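What follows is a single structure, written as structure tokens, with notes after it.
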Amino acid sequence: MEGLNSNLNLNEGLVPRVMPGIGEWGPEEVPSTKKKRRGRWWAVLAFVLIGAGLSAYGYWMWTLLS
């Protein structure tokens, strides 16, 4: 019954070239949760700004053509 036991080896079955470097306490050079959260907000902000810019440009073109 494998479902009852948790396997904590997340690198099982991976090719060695894609495995993270393992340090004394865990993986090395892995971004922190705070850094990932900040990156998600930057992505949302960029998406909103690009959408607003495209909408404004489209409205400006519409006013020029009509």
Subject >> Filtered residues of the stretch 47-64 (kept if polar (S, T, N, Q) and exposed (fewer than 10 other Cβ atoms within 10 Å of the Cβ)) >> reply: Thr63
Subject >> Residues of the stretch 11-22 satisfying the condition of being surrounded by 10 or more Cβ atoms within 10 Å (Cβ to Cβ) and of a type in the set (A, V, I, L, M, F, W, C) >> reply: Leu14, Met19, Ile22
Original post:
Which of the residues spanning the stretch 12-24 are in contact with a strand residue (DSSP E or B) (Cβ under 8 Å, 6 or more places away or on another chain) and at pLDDT 75 or above?
Top reply: Gly21
**OP:** Determine the pairs where a residue that is of a type outside the set (D, E, K, R), located within the stretch 6-17, has a partner that is part of a loop (DSSP other than H, G, I, E, B) and open to solvent by less than 80 Å² (accessible area, probe 1.4 Å) with Cβ atoms under 7 Å apart, the partner being 6 or more residues away or on another chain.
**Re:** Asn11/Met19
**OP:** Go through (1) modelled with pLDDT under 90; (2) in a helix (DSSP H, G or I); (3) open to solvent by 100 Å² or more (accessible area, probe 1.4 Å) one by one and return the number of the condition Gly3 breaks.
**Re:** (3)
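The values are calculated or read from the model by the stated rules, or taken from the named source; none is laboratory data. All of these numbers come straight from a predicted model, not from anything done at the bench. Every residue, glycine among them, receives a Cβ derived from its backbone with ideal geometry; neighbour counts consider all protein chains shown. The accessibility values were calculated without ligands, DNA or RNA, using every heavy atom of the protein model including side chains. Shrake-Rupley method; radii C 1.70, N 1.55, O 1.52, S 1.80 Å.
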